[in-house]
Amino acid sequence: MARNDNSPIARQDPEVWKAFVAEEDRQQNTLELIASENHVSPAVMQAAGSVFTNKYAEGYPGRRYYGGCENMDTVEQLAIDRAKQLFGVDHANVQPHSGSQANQAILMAAMNPGSRFDEAEQREKNPAVPTRTPGDMILSLHLDHGGHLSHGKNVNISGKWFRVTHYGVDRETGRINMSEVRRLASECKPKLIITGASAYPRIWDWAAFSEIAKEVNALLMADIAHIAGLVAAGLHPSPVPVCEFVTTTTHKTLRGPRGGLTMCKADWAKKIDSAMFPGLQGGPLMHIITAKAVAFGEALKPEFKVYQQRVLDNAKALAESLMSRGHNLVSGGTDNHLMLLDLRKRFPAVSGQMAEDWLGLAGIVVNKNMIPFDERKPMETSGLRLGSPALSTRGMGPGEMTKIAGMIDRVLSSEGGKSAIEVVRGEVIEMCKQFPLQAHV
Ligand code: DSN
C-alpha cells in the first residue's frame, strides 16, 4: 500500500483521510489472523473504487431498466461467466451485496414462510384472522457449533420466518455426526438442508448430506463462504454436483471484493434471479461486480491454486505448532484455512474477549468465537478463531506460522502481561516489514 498525501481524499477531507491513513498503517503493521478476511490485489481494489460506482443497472445483462448500461453488461457477463467456469456450476448470480443476501435469495426462491397472522391478540379481536400456516423447515448447523446467523438463527429473518432444526458437532470429536444429521432430518422433515459454516475446521461430506437430503426429499444448499477459494482451487471437495444451491461471499479465501454470489442448478436459475432482483435488492453495486469479475479472473489462474495450497499448509503449521505448545484445538486440528482455539483447558479464567484484546495489543488480530458447548456468552466466549488466508497473501509460510504460534503462546501464557505484549509487538512489526502488503493505487 502506498500513501498519496496529494490524493483527492487527502486534499478534500482531512478527517476521513486521517482514518484512511491509520487503517493502511494498521493493516501494514499487524498480523491479520481473522479467518474471514484477506487482502485484495491492487487490480481488485482499483475495480472496487472505479467509475462503475456511478451507474444504475437494475436488471440483468441485456435486460436493464436504465440506458447506458453497455459496459455494465460487459463486466457483469464476465463476472457470471468466470464464476460459472470457476465452480463448474450451471447458473451464477453475481449481484448479492453480501453473503446473507446470497442466502436469502435461496429462501425467497425455494421456501414458503407461511402466514404471519397467528397473533392470539388479533384472533381474539377478529376470529376471522386465520391461524398461522407454519413456515417451511430448515435443517442447518447450530451457530454455536460453527454455523451462521443467516442459516436460521432466531434473531435473523431466516429464523423468524422459517421453522428451524439444528444439527451440531459431536462433543468428543468436534466433528459433524452424520448419523445424528440423518436422525434429525427424518424427524423434522426439512424442506431445505443447509450445509456450510463460518467456524468449522474440517472437510464437509457433501455426498453424505446429499444421501440424507434424497431420503427425506429435501433441497440441499451449501454455503461455502469460508472455503470458496479452496473449492475453486480443487483443494476441498466441491458441493456443486450434489446441491441445488451453492452460495458464497467473495471476500474470504476467494480474495475478491466484499460481496456475495448465489449459484444454482439450471432449473432454479429464473427463480433465483427474480428473488435477487426485484425480490430482495434494487440497483446492483456495479463497481463491486466489476471487482468480482477481476477477482474471479485471478482465481482462474494457476497461481491461485499455489496460493490456496499455501493457505492450507500455513493453517496446518499454525495448528500443529499451537498444539505442540499444549493448546487445545476443537476437533484436534484443521483440514482447511481455520482453527478454533479452545481456551478452557489451559486458561479457564481467560475469555475469548480477553485473549482477543491482549493479542490485539501485540498486533495479532483475531476474533473471539463461541466454541461448541461453550458456557460463556457470544460477547465473551471461550474460544478464538484463527485463519491463514490473509497472512498467506502477504507471502508468509509455515516458518512464520511457527513463530506466530510462539508469539500467541507467550501472550496467552503471560495472561496479558505488559512486557510479553511489548516484546511480541516488536516482533510483529519486524515480521510485517519483511512481508509488506502490495502497493495500491
Ligand atoms: N462474519 C463472517 C465471518 O467472520 O465468518 C460470517 O458472516
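The values are calculated or read from the model by the stated rules, or taken from the named source; none is laboratory data. If you're wondering where the values come from, they're calculated on a predicted model, not measured in any experiment. For neighbour counting, all protein chains shown are included, and Cβ atoms are generated from backbone atoms with ideal geometry for every residue, glycine included.
Quick rundown of the values:
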read-out: Top-ranked residue of segment 87-108 - restricted to ones that are outside any helix (DSSP H, G or I), touching a helix residue (DSSP H, G or I) at 6+ places or on another chain (Cβ under 7 Å) and aliphatic (A, V, I, L, M), ranked as nearest to the ligand (Cβ to nearest atom); value: Val94
read-out: Within segment 298-330, tally of residues that are in contact with a Pro (Cβ under 8 Å, 6 or more places away or on another chain) and not in a helix (DSSP H, G or I); value: 1
read-out: Answer from Glu23, Glu32 - the residue that is among the acidic types (Asp, Glu), farther than 28 Å from Leu78 by Cα and in contact (Cβ under 8 Å) with a residue 24 or more places away in the chain; value: Glu32
read-out: Subset of segment 26-54 (residues that are within 16 Å of the ligand (Cβ to nearest atom) and either in a helix (DSSP H, G or I) or hydrophobic (A, V, I, L, M, F, W, C) (or both)); value: Leu33, Ile34, Ala35
read-out: Segment 406-423 residues that are closer than 14 Å to Ile364 by Cβ, paired with ones that are of a type in the set (Ser, Thr, Tyr) and surrounded by fewer than 17 Cβ atoms within 10 Å (Cβ to Cβ) (beta carbon under 6 Å, 6 or more apart); value: Ala420/Ser414
read-out: Residue selected from segment 218-236 under the condition part of a loop (DSSP other than H, G, I, E, B) and touching a helix residue (DSSP H, G or I) at 6+ places or on another chain (Cβ under 6 Å), by the criterion surrounded by the most Cβ atoms within 10 Å (Cβ to Cβ); value: Ile224
read-out: Flag for Lys403 being of a type in the set (Lys, Arg) and away from the ligand (no atom under 16 Å from the Cβ); value: yes
read-out: Members of segment 138-172 found to be part of a loop (DSSP other than H, G, I, E, B), out of contact with any helix residue (DSSP H, G or I) (no Cβ under 9 Å at 6 or more places or on another chain) and more than 16 Å from the ligand (Cβ to nearest atom), listed by number; value: Arg171, Glu172
read-out: Subset of segment 379-398 (residues that are more than 16 Å from the ligand (Cβ to nearest atom), more than 15 Å from Cys432 (Cβ to Cβ) and assigned to a helix (DSSP H, G or I)); value: Pro398
read-out: Enumeration of residues in segment 26-53 that are of a type in the set (Ser, Thr, Tyr) and either within 22 Å of His337 (Cβ to Cβ) or out of contact with any His (no Cβ under 9 Å at 6 or more places or on another chain) (or both); value: Thr30, Ser36, Ser41
read-out: Residue ID - nearest to Ala420 (Cα to Cα), chosen from residues in segment 340-353 that are surrounded by 18 or more Cβ atoms within 10 Å (Cβ to Cβ) and of a type in the set (A, V, I, L, M, F, W, C); value: Phe347
read-out: Scope segment 186-205; condition outside any loop (DSSP other than H, G, I, E, B) and surrounded by fewer than 22 Cβ atoms within 10 Å (Cβ to Cβ); matching residues; value: Ser186, Glu187, Cys188
read-out: Only listed residue being of a type outside the set (Gly, Ala, Ser), modelled with pLDDT of 95 or more and within 14 Å of the ligand (Cβ to nearest atom), chosen from Pro257, Pro237, Pro201; value: Pro201
read-out: Qualifying residue in segment 287-294 (condition: assigned to a strand (DSSP E or B) and more than 16 Å from the ligand (Cβ to nearest atom)); value: no
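Residues checked against (1) in contact with a helix residue (DSSP H, G or I) (Cβ under 6 Å, 6 or more places away or on another chain); (2) under 11 Å from Ser388 (Cα atoms); (3) not charged (D, E, K, R):
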| site | (1), (2), (3) |
| --- | --- |
| Ala315 | no, yes, yes |
| His327 | no, no, yes |
| Ser351 | no, no, yes |
| Trp358 | yes, no, yes |
